[in-house]
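All remarks here apply to the structure that follows.
The values are calculated or read from the model by the stated rules, or taken from the named source; none is laboratory data. This structure is a prediction, so every number in the text was calculated from the model and none was measured. Note: ideal-geometry Cβ built from the backbone for every residue, glycine included; neighbour counts use all protein chains shown. Each accessible area value is taken on the protein alone, full model and side chains, heavy atoms only, with ligands, DNA and RNA left out. Shrake-Rupley method; radii C 1.70, N 1.55, O 1.52, S 1.80 Å.
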Amino acid sequence: MKTIYLDNNATTKVDEEVFEEMKPYFCELYGNPSSMHTFGGQVHKKIDEARARVAELIGAADPSEIIFTSCGSESDNAAITGVIKSNPNKKHIVTTKVEHPAVRNMCRYLAKNGYFLTELGVDKEGMLDLDQLREVVTDDTALVTIMYANNETGVIFPIDEIAAIVKEKGSVFHTDAVQAVGKIPLDMKSANIDLLALSGHKLHAPKGVGALYVKRGTKYSPFIIGGHQEHSRRGGTENVPSLIGLGKACELAGANIEYENTEVRRLRDKLEDNLMRLAPDTRLNGRKDQRLPNTTNISFEYVEGEAILLLMNDFGICASSGSACTSGSLEPSHVMRAMGVPFTAAHGSTRFSLSRYNTESDVDLVIEKLPPIIKRLREISPFGRDNL
Ligand code: PLP
């Protein structure tokens, strides 16, 4: 059975060209980039090339603003702790209620350890109130950390406006752009973003590699203290093949960004429009006009997301649901709760996230198979209208 992979916000396929570029750095060019000899030196040069490719994709002014890390979570953790350690007199952090756990749980950990935390809410379309942001940032705010685009709904926050407000208030701004990088154009040169996190496996590079952008002049203390690697901003011998893969993936993402915003968007829209037309009692979660081009999050009322996923799985279709199993019961995700999505809809929320590898026939298969699945589930659902 063919796999119809529509779960690209969870992880992506490694691009064949990325894999080819990585291969020599396992068994042939295995030198340590910090070594004095030429054998290691050539690896160092290749890392510089990868750094420049990452910088180019996000429009950074200089490759030295890129620090390679082990994943998006490390980039987020390093950004948050790196800033607050450098500003020990400030004790307030601002974030939102819809962040990924890599930001949310780190902020909550700090809130238990001497910091004051403000978590901004969102409206029913998943959008922030910028006046509220303006009100909460004070002279004591060490850091504002707000995601670029939401992993569950694809909603894009107005990051340029947010960054401008944070600057006006004299604080530091970090954005978790793990879902945005490679999907929409970014330009660090013109944005007031001080730190930005990205992750390889969301853009067709391998798992276990990421990067943190730190704008030149931003006060930053390393998260991993060790050797002089990454200009002493992240200790540890580099994961050479993976960060070379990340560089190549960034180059390819740049070349494909137009395709992502036309063809991938067209397929996403076709899927969304048809599912919402063919299955009654559906709702779109997240603001329609400010979303990543690859993501749609649809609630099918009165059915459970997990049941939908299981039945789609029988046809090889991979997607995600907006609930998580907590203490044996299915709880709507914190994102669905923050948006105030009603219980019966939050349970049936399903995320489809496409990539440049998806085809028309992938989308057509889901449009054919899913509406009858929803109909069948509603007939037996404990949440069914007749049972409420
Ligand atoms: N931030 C967001 C918005 C994400 O979607 C993810 C992964 O799902 C992460 C951070 C964490 O990235 P990683 O899996 O590379 O640690």
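Here are the numbers for the structure shown:
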| read-out | value |
| --- | --- |
| Subset tally (residues that are within 20 Å of ASP48 (Cβ to Cβ) and under 22 Å from the mean Cα position of the chain (by Cα)) for the range 217-234 | 1 |
| Some residue of the range 262-278 being under 24 Å from ALA102 (Cβ atoms) and acidic (Asp, Glu) | no |
| Answer from ALA211, ALA191 - the residue that is within 13 Å of the ligand (Cβ to nearest atom) and on the phi < 0 side of the Ramachandran plot | ALA211 |
| Lone unmet requirement of (1) under 20 Å from LEU196 (Cβ atoms); (2) of a type outside the set (D, E, K, R); (3) crowded, with 20+ Cβ neighbours inside 10 Å for LEU275 | (1) |
| Subset of the range 96-135 (residues that are crowded, with 16+ Cβ neighbours inside 10 Å, within 16 Å of the ligand (Cβ to nearest atom) and of a type in the set (S, T, N, Q)) | THR96 |
| Test for GLU230: is it outside any loop (DSSP other than H, G, I, E, B) and over 20 Å from ILE84 (Cβ atoms) | no |
| Among (1) in contact with a Phe, Trp or Tyr (Cβ under 6 Å, 6 or more places away or on another chain); (2) surrounded by fewer than 19 Cβ atoms within 10 Å (Cβ to Cβ); (3) under 20 Å from ARG234 (Cα atoms), the one test that LYS91 misses | (3) |
| Helices (runs of 4 or more DSSP H) contained in the range 266-383 and holding at least 2 residues basic (Lys, Arg) | 360-380 |
| Some residue of the range 212-233 being open to solvent by 10 Å² or more (accessible area, probe 1.4 Å), without any contact (Cβ under 8 Å) to a residue 12 or more places away in the chain and hydroxyl-bearing (Ser, Thr, Tyr) | yes |
| Positions within the range 116-150 being touching a residue at least 60 places away in the same chain (Cβ under 8 Å) and in contact with a helix residue (DSSP H, G or I) (Cβ under 8 Å, 6 or more places away or on another chain), in sequence order | GLY121, VAL122, GLY126, LEU143, THR145, ASN150 |
| Identity of the residue in the range 195-207, in contact with a helix residue (DSSP H, G or I) (Cβ under 6 Å, 6 or more places away or on another chain) and more than 8 Å from the ligand (Cβ to nearest atom), that ends up farthest from ASN256 (Cα to Cα) | LEU195 |
| Residue check for ILE244: among the β-branched types (Val, Ile, Thr), assigned by TED's automatic domain parsing to the domain that holds PRO33 and open to solvent by 40 Å² or more (accessible area, probe 1.4 Å) | no |
| Selection from the range 130-155 of residues that are more than 20 Å from ALA346 (Cα to Cα) and under 21 Å from the mean Cα position of the chain (by Cα) | LEU143, VAL144, THR145, ILE146, MET147, TYR148 |
| Boolean, SER86 is surrounded by fewer than 21 Cβ atoms within 10 Å (Cβ to Cβ) and within 13 Å of the ligand (Cβ to nearest atom) | no |
| Residues of the range 1-59 that turn out to be assigned to a helix (DSSP H, G or I), without any contact (Cβ under 8 Å) to a residue 40 or more places away in the chain and either closer than 30 Å to LEU271 by Cα or open to solvent by 10 Å² or more (accessible area, probe 1.4 Å) (or both), as a count | 11 |
| Failed criterion for ASP160 (all others in (1) touching a residue at least 40 places away in the same chain (Cβ under 8 Å); (2) open to solvent by 10 Å² or more (accessible area, probe 1.4 Å); (3) more than 16 Å from the ligand (Cβ to nearest atom); (4) more than 14 Å from ASP76 (Cβ to Cβ) hold) | (1) |
| Strands (runs of 3 or more DSSP E) fully within the range 105-205 counting 3 or more residues that are out of contact with any strand residue (DSSP E or B) (no Cβ under 7 Å at 6 or more places or on another chain) | none |
| Single residue of the range 70-83 satisfying the filter (open to solvent by less than 10 Å² (accessible area, probe 1.4 Å) and either among the β-branched types (Val, Ile, Thr) or more than 12 Å from the ligand (Cβ to nearest atom) (or both)) that is nearest to SER232 (Cα to Cα) | GLY82 |
